[in-house]
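The values are calculated or read from the model by the stated rules, or taken from the named source; none is laboratory data. A quick note: this is a predicted structure, and the numbers were derived from the prediction, not measured. Here the Cβ is made from the backbone with ideal geometry for all residues, glycine too, and neighbour counts use every protein chain on show. SASA here: full protein model, heavy atoms, side chains in, ligands and nucleic acids out. Shrake-Rupley method; radii C 1.70, N 1.55, O 1.52, S 1.80 Å.
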Amino acid sequence: MDLVTPGFGLVFWTTLSFLIIIFLLGKFAWSPILKAIKEREDTIQLAIESAEKAKEEMRKLKDSNDALLQAAREERDKLMKEARDTKDQIISEAKTKAKEEAEKIVTASREEIRNEKAKAIIELKDKVAEISFEIAEKVLSEKLSSSDKQSDTVKRALSEIRFN
Amino acid sequence: MLEFRGFKSKIQRIFFVLIVQLFVVSAGFASDHNDSTSVSEGFNAGEMIMHHVLDANEIHIFDGLSFPLPILLYTANGFDVFSYGQFLDAHHHPTLDYTSPSTGNTYRSNHGHLVQLNESGEEIAHSGWGVNDHSFVDFSITKNVVGIFIVLIVMFLVFLSSAKAYSKGIGRTSAPKGVQSFLEPMILFIRDEVARPSIGKKYERFMPFLLSIFFFIWIGNILGLIPFIGGLNITGNIAVTLVLATLTFIVTIFSGNKGFWMHIVQPPGVPAWLLPIMWPIEIIGVISKPIVLTLRLFANITAGHIIILSFTGLIFIFYNSSGAGVAYGVSVGSVLFSVFMLSLELLVAFLQAYVFTLLSAIYFGQAVEDHH
């Protein structure tokens, strides 16, 4: 019967001890311990979240870098193409111009030659006329004795003429 | 339930400790009853077992070394404080009577029971729950009270030091270390596996109670398994389990919300004419919970102690009946069974603390549940 009969003393001391444990440990042990554990869990949770966020950020950054690089590459290609086009254009323009210039020069030279030729012809005509006059004068002065003589005179006169 | 790293080596270590303990226990028991009941008088296994399981006014380490504990009595004539040693004769047997000089009461230890005598040596009063001519209240610091104080001191040392470490930042901003690493899984176990699933989001206010009751029972159970400290049987005493269960009951009742009470007064789906029958059933349901808690813990721990003691007692029963040779033979089997039982009791020590805490949490959960 002793086994199943609770004694007053033990009930009293157990109650007292357990209430002391609950109140003192509750105040000085359980709440700081639970708070610390919770704080640590929150910190870890936060750290994981921020790491996740950083990863996401990195991924975004990399994406934007890639996009930027792609854009730059495209820009460069465009610029290169433009430059090439410009070069070709300049070259072709220069060629055309040079051709025109050359043609102009040739035309001008031809004109000059023609002018000079005309001038020379006029001069020659004058000279021929002059010579003719001289020859005629000489012929006349030889009194036109024989036809042989005449022709000799003409020949002589002609040989005397110098086309300078 | 618990994660143990290096499980294998830990098990081996536990077994080693248990085996060492067992020999110590056996030696302790052997010397013990050689003392109290000498072999010539015959060995009474029941008496030996009850002597170890029941509370006592002395801590009996082994023969020749026992500590008499203070006796505090509140009688009709006032308080009496004296040592149990006053009852002991030259052979350390409690055969003497003690008369208090302050109240004039005379006391005797009658087979471990304190009784008050009149002038002619007749018993006139014994310890009880009230103070009158036939009863006095016994506040004695018995061996289980000492055990409870040891539990209290151990809990204070361990948890206050670990709380201090936490508030210093160890375990909060860094990994826990030392005793924290051992306690934290338990605390988290109670919080995440017991309180949170059973109670729900209001679990936080019950955590101090649940943690206190879990560690109180667990440490108390383990203390009961340690030999050579006087055979403490704290959680195997019905007074202790009654108090713990009653506290759970009181907390449940005081945290019960409207839904909880309405469920008792007017169970849903019950026709009105059945209510008068339902009320007593509901009330029994509420009251039976702490009774079940009380009996389960008490019976489990006491049964464990009785079984281990019985195996040891077998050796001496055979010694008395068949001689030393047979007793040596029986001791091999007894020791093996005791090793097995002690290992089991280590598990039971944790398990019963867990079950008590879990059931308390479930009752709290029912009390604060949101009824829709």
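Any idea of A:S132's accessible area? Nearest 10 Å², probe 1.4 Å.
For A:S132, solvent-accessible area is about 60 Å².
Just the number, please: carbon plus sulfur as a percent of the accessible area of the protein assembly as shown, 1.4 Å probe, no ligands or DNA/RNA counted.
Values: 20220 of 31340 Å².
Exposed carbon and sulfur together represent 65 percent of the surface.
In the range B:213-246, what residues drop by 30 Å² or more of accessible area when the other protein chains are put back, versus the chain on its own? Use 1.4 Å, and skip ligands and nucleic acids.
Residues shielded by partner chains are B:F216, B:I238, B:A239, B:V243.
I want to verify a result. In a Gaussian network model of chain B, Cα cutoff 10 Å, which of these has the top mean-square fluctuation: B:L274, B:L160, B:L114?
Maximum among the listed residues: B:L274.
So if the hydrodynamic radius of the protein assembly as shown is defined as the Kirkwood radius over C-alpha pairs, what does Stokes-Einstein give as its diffusion coefficient at 4 °C and 1.567 mPa s, in µm² per second?
Details: Rh = 32.3 Å.
The diffusion coefficient I find is 40 µm²/s.
Quickly estimate the mean residue ellipticity at 222 nm for chain B, helices only: each DSSP H run with n ≥ 4 gives -39500 (n - 2.57), and the total goes over all residues, rounded to 500. Let's see the in-between values first.
Working: 10 runs with 218 residues, N = 372.
So the calculated ellipticity at 222 nm is -20500 deg cm²/dmol.
Add +1 for every Lys or Arg and -1 for every Asp or Glu among the other residues with Cβ under 12 Å from the Cβ of B:A165, and state the total.
Working: positive: B:K164, B:K168, B:R172, B:K177; negative: B:E184.
That sum, taken over residues with Cβ under 12 Å, equals +3.
Note down the net charge around A:E75, summing +1 for each Lys or Arg and -1 for each Asp or Glu among other residues with Cβ under 12 Å from its Cβ. It would help to have the intermediate numbers written out before the result.
On the way: positive: A:R73, A:R76, A:K78, A:K81; negative: A:E74, A:D77, A:E82.
Residues near A:E75 contribute +1 overall.
Enumerate the helices in chain A for which the Kyte-Doolittle hydropathy averages 1.6 or more and the C-alpha atoms extend at least 20 Å along the helix's axis, using complete DSSP H runs. Walk me through the numbers before you get to the answer.
On the way: long enough: A:31-141 (158 Å, -0.82).
Once both thresholds are applied, nothing remains.
Could you work out the mean projected area of the convex hull around the alpha carbons of chain B, in square nanometres to one decimal? All intermediate terms of the calculation are to be shown ahead of the outcome.
Values: hull surface 102.4 nm².
Convex hull of Cα atoms, orientation-averaged projection: 25.6 nm².
Helix by helix, which DSSP H runs in chain B go 15 Å or more along their axis at the Cα atoms and have an average Kyte-Doolittle hydropathy of -1.0 or more? Write down the numbers at each step before the final one.
Working: long enough: B:7-36 (42 Å, 0.63); B:143-168 (37 Å, 1.56); B:179-189 (16 Å, 1.31); B:207-225 (27 Å, 2.04); B:238-255 (25 Å, 2.39); B:275-322 (65 Å, 1.38); B:324-368 (63 Å, 1.66).
Answer set is B:7-36, B:143-168, B:179-189, B:207-225, B:238-255, B:275-322, B:324-368.
Taking a cut-off of 18 Å between Cα atoms, list the lysines near A:K62, but don't count ones fewer than 8 places away on the same chain.
A:K53
Just the number, please: buried accessible area between B and A, total of both chains, 1.4 angstrom probe, nearest 100 square angstrom.
Values: alone 20040 and 15160 Å², together 31340 Å².
Buried: approximately 3900 Å² between A and B.
With every protein chain left in place, what is the accessible area per residue of the protein assembly as shown in square angstrom, probe 1.4 Å? Kindly include the intermediate steps, with their values, before the conclusion.
Working: 31340 Å² over 536 residues.
Accessible area per residue, the protein assembly as shown: 58 Å².
Please compute the net charge surrounding A:K53, taking Lys and Arg as +1 and Asp and Glu as -1 over other residues with Cβ under 11 Å from its Cβ.
Values: positive: A:K55, A:R59, A:K60; negative: A:E49, A:E52, A:E56, A:E57.
Result for the local shell: -1.
Find, among the GluC sites (Glu not before Pro) in the range A:1-78, those assigned to loop by DSSP (not H, G, I, E, B) with at most 16 other beta-carbon atoms within 10 angstrom. Kindly include the intermediate steps, with their values, before the conclusion.
Working: sites: A:E39, A:E41, A:E49, A:E52, A:E56, A:E57, A:E74, A:E75; in loops: none.
Loop-located and lightly packed - none at all.
Around B:L69, which amide H atoms from residues at least 5 apart in sequence, or from another chain, sit under 5 Å from its own amide H, with H modelled in the peptide plane?
For B:L69, whose amide H was placed from the backbone, the distant partners under 5 Å are B:E58, B:I59, B:Y84, B:G85.
Just the C-alpha atoms of chain A: what Rg/Rh do they give, with Rh taken as the Kirkwood radius? Write out the running numbers ahead of the final one.
Working: Rg = 63.2 Å, Rh = 30.2 Å.
Rg/Rh: 2.09.
Using modelled amide H (1.01 Å from N, peptide plane; none on Pro or chain starts), what sits under 5 Å from the amide H of B:S135, excluding residues fewer than 5 places away?
B:H126
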